[in-house]
1. Given the residues 333, 323, which is the only one that is assigned to a strand (DSSP E or B) and either within 25 Å of residue 303 (Cβ to Cβ) or open to solvent by 10 Å² or more (accessible area, probe 1.4 Å) (or both)?
2. Looking at the stretch 375-404, which of the residues that are out of contact with any helix residue (DSSP H, G or I) (no Cβ under 8 Å at 6 or more places or on another chain) and not in a loop (DSSP other than H, G, I, E, B) is surrounded by the most Cβ atoms within 10 Å (Cβ to Cβ)?
3. Residue under question is residue 411, and the condition is that it be open to solvent by 10 Å² or more (accessible area, probe 1.4 Å) and at positive phi; does it hold?
4. What number of residues in the stretch 438-471 are under 22 Å from the mean Cα position of the chain (by Cα), aliphatic (A, V, I, L, M) and not in a helix (DSSP H, G or I)?
5. Evaluate the following for residue 243: is it in a loop (DSSP other than H, G, I, E, B), open to solvent by 10 Å² or more (accessible area, probe 1.4 Å) and without any contact (Cβ under 8 Å) to a residue 40 or more places away in the chain?
6. Hey, among 287, 281, 294, which residue is closer than 19 Å to residue 250 by Cβ and modelled with pLDDT under 95?
Amino acid sequence: MGSPKAARSKAGQLGGIWRRRIGAPFAALLVAAVLVLVVFTGRFPQGPDASSRFTPVHVDDSTPGIVRDRPVASTDQDLELEISDSSKQQGEGNDQKIELDESSMEAMEEQKQPREDTPETKPASQDTTPANSDLDGEEGMTTTTAPAQEESSEAGGSGSAPYTKCTPPLNSTVCDLSNPRFDICELCGDARTIGQSSTVMYVPRTQTSDSEEWSIRAQSRKNLPWIKEVTVKSLNTSQPAPRCTSKHAMPAIVFALGGLTANVWHDFSDVLVPLFLTARQFDRDVQLLVTNNQPWFSKKYMTILSKLTRYDIIDFDSDDQVRCYPHVIVGLRSHGDLGIYPNLSPQNYTMMDFRLFVREAYGLPAAKVAIPYKADRDDPDKKPRIMLIDRGKTRRFINAPYIVQGLEWFGFEVVKVDPKMDSSLDEFARLVDSCDAIMGAHGAGLTNMVFLRSGGVVVHIVPYGIEFMADGFYGKPARDMGLGHVKYGISPEESTLLEKYGWNHTVIKDPEAIRSSGWDKVGEVYMSKQDIVLNMTRFGPILLKAIDFIM
């Protein structure tokens, strides 16, 4: 058998041979695997969504004239609402009909003279926030009809299609002026913003591009002449492009404030919903550049804006940089008054998505949480809670104390809201969320329904003579957001117009004749000179419908 020492020596020799024969190829394979891992890790983006987003650029601070992309400090978590796409609402865009004349007339009237029912707004340069509940404003008169969308108490997440980088067009035509509501320009490739001259330049890649120029009102109401214009220029290859002083890797959106803002209905319908339609696809990886900046607007709605962008918001008019982006959108897309039509959105967004997005931004309970009354149904003393919006100037409830007593008699807990309440929008959102229903006369205060939970109810009191506009402004938006909507048109006896004009006057006898004479007269009479004495006996059956919906 040999000695143990000889055996160990033999084993050592065999081990050395084995290591030489096997170890070298194994080491080579290991090195190759590491190299492959390094190469592929460097080439492919990290995370499931990385391929559909721009990668931030990190610029050396020592480089003169270049600034970093600075994220907005925020504690918000980017949580997506994971709900089945089968709950998306459907619409047919071919049946849309857009009437613009009344909207234009109302807008002109609002700018010509102070409105009796709208709080005065201070100049844009003053950082003054209008009353947070904004309950006294008027709505634009644009009426858009769209086919009914499938209703649901829950909604899909904020869009089903992820954002992908845009592809530069084959020609230099980057602006679309065909929509009757808005103009929009989309610059894919080399886009440069020059804020102090209100200009965005596009540097095409093709050698045959012609120089073109457009001036557009970068908001969702192109027919309002006082909205500041932005000039978009498409250069040809022989024209020099301005040198970049600030380079960015994310896309950007240039849009205007002003217009009819400082009224909560217009804030949402003209800016926030269109901005959601335009910006949400970028999942906060987009920079906002605002012309005609209103400091109060950003202050008031920063909770929403910070869920659309993680970067500083740029005051475009005072920006002294030439900012270079790979993708710039100038203007805001819009489908209708306080409305979204899924078939017109590549991401299939809905008004349900928008309401849930807003609720998520304010940290309100998730989509599947029931309205407060149903959530606490085991409490035998629990009453459905209704918010009564009592307007401050026009379309007021003359007999508000009697209305409160009547609502309590029907079994409601009443939260009466003073239009002049000075609370933050965050606090007001939580107050609305604590209610099962919101009730008020036709007016901007009803826009706060965006803070209701799925299954909440909007009780809509329609003043005499304006029945024609009720459903478009509040009824359809409520249903599209998964809310109940009950409408009550007051009789002449419940309107203070009867005492002013009498039964034989055209204002009482023939509201249609007043309407046919134009918005000026409708606004002057039915919107500005009318208050309400609500008949609770006549109103009772409508209120029972709201109770049935809540129950």
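1. On the way: 333 fails: assigned to a strand (DSSP E or B).
Result: 323 is the single residue among 333, 323 that is assigned to a strand (DSSP E or B) and either within 25 Å of residue 303 (Cβ to Cβ) or open to solvent by 10 Å² or more (accessible area, probe 1.4 Å) (or both).
2. We begin by selecting, within the stretch 375-404, every residue out of contact with any helix residue (DSSP H, G or I) (no Cβ under 8 Å at 6 or more places or on another chain); these are 375-381, 392-393, 396, 398-401, 404.
Still in the running and not in a loop (DSSP other than H, G, I, E, B): 375, 400-401, 404.
On the way: 375: 14, 400: 15, 401: 9, 404: 17.
Per the stated criteria, the residue is 404.
3. Numbers: open to solvent by 10 Å² or more (accessible area, probe 1.4 Å): yes; at positive phi: yes.
Yes.
4. 4
5. Numbers: in a loop (DSSP other than H, G, I, E, B): yes; open to solvent by 10 Å² or more (accessible area, probe 1.4 Å): yes; without any contact (Cβ under 8 Å) to a residue 40 or more places away in the chain: no.
So residue 243 does not fit the description; no.
6. Numbers: 287 fails: modelled with pLDDT under 95; 294 fails: closer than 19 Å to residue 250 by Cβ.
Of 287, 281, 294, the one residue that is closer than 19 Å to residue 250 by Cβ and modelled with pLDDT under 95 is 281.
For every residue, the table says whether it meets (1) outside any loop (DSSP other than H, G, I, E, B); (2) more than 28 Å from residue 481 (Cβ to Cβ).
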site: 265; (1), (2): yes, no
site: 269; (1), (2): yes, no
site: 328; (1), (2): yes, yes
site: 348; (1), (2): no, no
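Condition check ((1) in a loop (DSSP other than H, G, I, E, B); (2) surrounded by 19 or more Cβ atoms within 10 Å (Cβ to Cβ)) across all residues:
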position: 182; (1), (2): yes, yes
position: 185; (1), (2): no, yes
position: 191; (1), (2): no, yes
position: 196; (1), (2): no, no
position: 202; (1), (2): no, yes
position: 205; (1), (2): yes, no
position: 210; (1), (2): yes, no
position: 215; (1), (2): no, no
position: 220; (1), (2): yes, yes
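The values are calculated or read from the model by the stated rules, or taken from the named source; none is laboratory data. Please read all numbers here as calculations on a predicted model, not as lab measurements. Here Cβ is always computed from backbone atoms with ideal geometry, including for glycine, and neighbour counts include all displayed protein chains. For accessibility, only protein heavy atoms count, side chains too; no ligands or nucleic acids. Shrake-Rupley method; radii C 1.70, N 1.55, O 1.52, S 1.80 Å.
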